[in-house]
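Down below is the structure, laid out as structure tokens.
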Amino acid sequence: MKRRDFATKAAGTVAAAAAAGGAVAHADSHETSGELLGPKFKLKYAPHHGQFKHHAGDDYLDQIKFAADAGFTAWEDNGMMKKEPALQEKAAAVMAERGVTMGVFVSYASFKEATFADPSPESRQMLKERMQEALECAKRVNAKWTTVVPGSFVNNLEWDYQTANVVDTLKMCAEILEPAGVVMVLEPLNPWRNHPGCFLSKIPQAYQICKAVGSPSCKILDDLYHQQITEGNLIPNMDKAWEEIAYIQVGDNPGRKEPGTGEINYRNIFKHLKEKKNFTGVVGMEHGISRKGKEGEVALIQAYRDADNF
């Protein structure tokens with residue numbers, strides 16, 4: 001369906017539902033929501049909290065329901081660990097009911113502290129406690145992956161010593177997560193536009209570190225928005241590091257909005273992912289929306305329909 005036809009139909013359906021005194025977001029009828037939003041996607045694209053607030057409202061659980069009715073089969077929430085346990089459990093119940101896979105939540109991310117590159121005894125103890133908290137959260141929400149950003153680098157220590165420190169600290173974290181089958185995914189961040197000073201910035205660097213840690217609980221989060229800025233060559237780098245990549249995130253560049261708003265050919269990338277026999281993972285929608293309001297949310301869904309059409 002063309003974007004203009006989709007938007008027109010969606011707007012008309014929303015208006016009709018509102019006139020009938022019910023919101024599409026709260027409807028349990030897959031016939032109604034399916035007519036508005038379409039079938040399940042080929043890959044597990046994962047929206048996050050707030051991306052469908054204009055259709056679903058502010059209620060967290062209604063946003064998950066709306067995403068599922070829109071055809072999305074995963075959900076991502078960086079801030080899940082900060083939510084009340086009762087809400088975490090309710091969210092897990094909704095996801096189980098709707099056949100939605102829980103994607104990543106952040107267990108630790110620092111952009112200024114050299115927590116891994118030059119760790120103090122206090123920071124190592126803090127990380128041990130944080131990994132334990134991550135295990136509890138993962139159990140409540142049925143999550144397999146948790147994001148770790150291993151802090152900044154320092155200028156007064158040789159780079160190789162810093163790398164060794166990062167590896168040792170990650171081994172400590174992995175020992176806590178591995179018995180439960182939880183995987184910390186390391187996210188390289190671009191230093192040029194968004195995160196100057198972070199230790200981890202490129203996929204080959206992350207690959208080297210994961211190889212050195214040598215644990216199934218230490219893998220890579222390949223955020224293609226960041227890597228387009230830092231190194232490009234997205235598909236070849238993905239292929240070279242594939243055995244250590246456990247999670248994908250996307251956002252177009254420039255702008256960090258939905259696919260189709262920038263220079264990245266996401267249709268080819270998603271097709272490439274689908275053709276990988278062992279990929280059943282999540283593709284996190286780690287980006288903003290290029291338009292405002294309901295129109296923007298409709299355009300967001302259609303952007304993924306377009307990119308998923310391979």
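The values are calculated or read from the model by the stated rules, or taken from the named source; none is laboratory data. On a predicted model such as this, the values are computed, not experimentally measured, just so you know. Counting neighbours? That spans all protein chains shown, and the Cβs are built from the backbone with ideal geometry, glycine included.
If you go through region 152-175 one residue at a time, do you hit one that is surrounded by fewer than 22 Cβ atoms within 10 Å (Cβ to Cβ), among the charged types (D, E, K, R) and under 24 Å from the mean Cα position of the chain (by Cα)? Looking through region 152-175, at least one residue is surrounded by fewer than 22 Cβ atoms within 10 Å (Cβ to Cβ), among the charged types (D, E, K, R) and under 24 Å from the mean Cα position of the chain (by Cα).
Please go through region 270-310 and pick out each residue that is free of Cβ contacts under 8 Å to residues at least 60 places away in the same chain, charged (D, E, K, R) and out of contact with any helix residue (DSSP H, G or I) (no Cβ under 8 Å at 6 or more places or on another chain). Within region 270-310, LYS271, GLU275, LYS277, LYS292 qualify. Of the numbered criteria (1) at pLDDT 95 or above; (2) surrounded by fewer than 20 Cβ atoms within 10 Å (Cβ to Cβ); (3) on the phi < 0 side of the Ramachandran plot; (4) not small (Gly, Ala, Ser), the one PRO39 fails is (1).
Within region 270-310, restricting attention to residues that are hydrophobic (A, V, I, L, M, F, W, C) and part of a loop (DSSP other than H, G, I, E, B), the residue that is modelled with the lowest pLDDT is PHE279. Select from region 244-266 the residues that are of a type outside the set (S, T, N, Q) and in contact with a Ser or Thr (Cβ under 7 Å, 6 or more places away or on another chain) and write down the one among them that is surrounded by the most Cβ atoms within 10 Å (Cβ to Cβ). So, considering only residues that are of a type outside the set (S, T, N, Q) and in contact with a Ser or Thr (Cβ under 7 Å, 6 or more places away or on another chain), the one surrounded by the most Cβ atoms within 10 Å (Cβ to Cβ) is GLU258. For region 46-86, taking the residues that are of a type in the set (A, V, I, L, M) and in a helix (DSSP H, G or I), the one that is nearest to LYS294 (Cα to Cα) is identified as ALA56. Going through region 176-192 one residue at a time, which ones are out of contact with any His (no Cβ under 9 Å at 6 or more places or on another chain) and either touching a residue at least 12 places away in the same chain (Cβ under 8 Å) or closer than 25 Å to GLN227 by Cα (or both)? Selection gives ILE176, LEU177, GLU178, ALA180, GLY181, VAL182, VAL183, MET184, VAL185, LEU186, PRO191, TRP192. Taken over region 227-242, the criterion of being within 14 Å of GLN205 (Cα to Cα) and either touching a Leu at 6+ places or on another chain (Cβ under 6 Å) or free of Cβ contacts under 8 Å to residues at least 40 places away in the same chain (or both) is satisfied by GLN227, GLU231, ASN237, MET238, LYS240, ALA241, TRP242. Is there a residue being polar (S, T, N, Q), surrounded by fewer than 20 Cβ atoms within 10 Å (Cβ to Cβ), within 30 Å of HIS54 (Cβ to Cβ) and out of contact with any strand residue (DSSP E or B) (no Cβ under 8 Å at 6 or more places or on another chain) anywhere in region 214-226? The answer is no, given that none of the residues of region 214-226 is polar (S, T, N, Q), surrounded by fewer than 20 Cβ atoms within 10 Å (Cβ to Cβ), within 30 Å of HIS54 (Cβ to Cβ) and out of contact with any strand residue (DSSP E or B) (no Cβ under 8 Å at 6 or more places or on another chain). Just one of the listed residues (ALA74, ALA56, ALA86, ALA70) is closer than 18 Å to GLU97 by Cα, of a type in the set (A, V, I, L, M, F, W, C), at pLDDT 95 or above and touching a strand residue (DSSP E or B) at 6+ places or on another chain (Cβ under 8 Å), namely ALA74.
Criterion applied to ALA74, ALA56, ALA67 was being of a type outside the set (S, T, N, Q), buried (at least 19 other Cβ atoms within 10 Å of the Cβ) and either in contact (Cβ under 8 Å) with a residue 60 or more places away in the chain or at positive phi (or both), and the one residue passing it is ALA74.
The criterion of at least 3 residues that are more than 21 Å from GLU158 (Cα to Cα) is met, among helices (runs of 4 or more DSSP H) falling completely within region 172-247, by 224-230, 234-240. Would you confirm whether or not region 95-109 contains a residue that is small (Gly, Ala, Ser), in contact with a Lys or Arg (Cβ under 7 Å, 6 or more places away or on another chain) and in a helix (DSSP H, G or I)? Among the residues of region 95-109, not one is small (Gly, Ala, Ser), in contact with a Lys or Arg (Cβ under 7 Å, 6 or more places away or on another chain) and in a helix (DSSP H, G or I), which makes the answer no. One residue alone among ALA134, ALA114 is over 30 Å from ILE64 (Cβ atoms), touching a residue at least 24 places away in the same chain (Cβ under 8 Å), in contact with a strand residue (DSSP E or B) (Cβ under 6 Å, 6 or more places away or on another chain) and crowded, with 18+ Cβ neighbours inside 10 Å, and that residue is ALA114. Right, GLY284: in contact with an Asp or Glu (Cβ under 6 Å, 6 or more places away or on another chain), buried (at least 16 other Cβ atoms within 10 Å of the Cβ) and closer than 24 Å to HIS49 by Cα or not? In short, yes.
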